[in-house]
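The values are calculated or read from the model by the stated rules, or taken from the named source; none is laboratory data. All values derive from a computational prediction rather than experimental measurement. Note that we place each Cβ from the backbone using ideal geometry, even for glycine, and neighbour counts take in every protein chain shown. The area values use the complete protein model at the heavy-atom level, side chains included, leaving out ligands, DNA and RNA. Shrake-Rupley method; radii C 1.70, N 1.55, O 1.52, S 1.80 Å.
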Amino acid sequence: MVRRILFPAFLILAAGCSKAPTGSSIDEIGAAYALAVTDGQQLLHLAPHVHPDLQARLAEAPMLGNRVPSSPQTLDSRALRPVTAAELAELAPFFEFPVAPTHVLEFTVTQRPDAKTTITRREPLHLRAEGAGYFVVFGLLRSTPAAPAAPPAEGYTFAERDGLWRHLWELRAATGATAAHRLEVREAGTDRIIAVLLTAEQVRPVLAAGDAVIFRLWSKGAAAPHDPSAVGGSNVPFAYQAGRQAGSDLFSVREVQLTGYEPVRQPVFADNRMALAAFAGEIDGARRTYVVEWVREEDAPGRNF
């Protein structure tokens, strides 16, 4: 009689243990991230290591979005450390973590825009330690608060902080605005466009939903917001968040090594252009200035920039 009772109980206990998630090793997660750095397919490589409570929400993970690199990049090293309260506090206004991270696996990534230039940056991956393994966890964008009775006015603000990026601009258009907006780099005093950082197609749905476009310059640990290029120019890393899309890249000023930088701390429109930052350098004894601008086109709602 005793054996008939204990035998089914043993089967139930064994079945329950077989379904418990075990987590991955740091080596396994590191190998998956190395593949993601090479081809930009973050979700493809990291999904098997994501916490089971977050598997159903992978499509809502902007911090794990696929980011195809603009030039070859490699993973150089990694370091595991406990997450700090200050880091979580910095992310709190923008993200909520359904599964709280306990650790950060910080990767050092090198990008090579050309044959002689290298740019090194650090990329954090949030983990939760459970048992003998780790799970990848991510933050979800906080829900947009209920719209006020009166449509909010457009707002453009600058912030300087101690974080992954020193300088941040929040760009929000008035509700119902029909103008096309884009983010570009232009040589000051001319119509020469150096780079389009965010197109009207990328920006339009974000502003229409009442969300803000976030633009960031000067990455943590960098001596300056620009890096010299071996071919005689300069590279400027930047990051952005546009609705549920987030990423980082760089733009290049090929003919000038930049030596000056000044953020615009109180951005305002001059006609339909709003300067966010200015970079400067000299070539042949002449000073050149390049401005990062938020541009609106009132009379071109359907054009793609």
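For the chain, build the charge dipole from Cβ charges (+1 Lys, Arg; -1 Asp, Glu) around the Cα centre, then report which of V83, G243, P72 sits farthest towards its positive end.
The residue sitting most towards the positive pole is V83.
Quick check: at a probe of 1.4 Å, how many percent of the accessible area of region 198-305 sits on carbon and sulfur atoms?
Roughly 46 percent, rounded to a whole number.
Using the Karplus curve 6.51 cos²θ - 1.76 cosθ + 1.60 with θ = phi - 60°, work out ³J(HN,Hα) for each residue of region 160-168 in order, rounded to whole Hz, and write x for Gly and Pro.
Karplus values, whole Hz, x for Gly and Pro: 10, 8, 9, x, 5, 10, 6, 10, 9.
Averaged over all directions, how much area does the convex hull of the C-alpha atoms of region 243-303 cover when projected, in nm²?
Convex hull of Cα atoms, orientation-averaged projection: 6.6 nm².
Picking from F94, P225, V295, whose Cα lies most toward the positive end of the charge dipole for the chain (charges on Cβ: Lys, Arg +1; Asp, Glu -1)?
Result: F94, furthest along the dipole toward the positive end.
Give, as a single signed number, the net charge of other residues whose beta carbon lies under 14 Å from the beta carbon of D211, with Lys and Arg counted +1 and Asp and Glu -1.
Residues near D211 contribute +2 overall.
What whole-number value in cubic angstrom gives the convex hull volume per residue for the C-alpha atoms of region 208-292?
That works out to 128 Å³ per residue.
Can you tell me the accessible area per residue over the chain, all protein chains present, probe 1.4 angstrom, in square angstrom?
On a per-residue basis, the chain sits at 53 Å².
Could you calculate, for the chain, the ratio of the Cα radius of gyration to the Kirkwood radius, expressed as Rg to Rh?
Using Cα coordinates only, the ratio equals 1.07.
I want the local charge near G260. Using Cβ-Cβ distances under 13 Å, sum +1 for each Lys or Arg and -1 for each Asp or Glu among the other residues.
Value of the local net charge: 0.
Report, to the nearest 10°, how far helix 2-18 tilts away from the longest principal axis of the Cα atoms in the chain, using its own Cα long axis and a range of 0 to 90°.
Here the helix axis deviates by roughly 10 degrees.
If you roll a 1.4 angstrom probe over the protein chains with everything in place, what fraction of the accessible area of region 51-191 belongs to carbon and sulfur, to the nearest %?
Summing carbon and sulfur atoms, their accessible area is 54 percent of the total for region 51-191.
Normalising by the residue count of region 23-131, find the relative contact order in percent from Cα pairs under 8 Å and 6+ residues apart.
Relative contact order of region 23-131: 24 percent.
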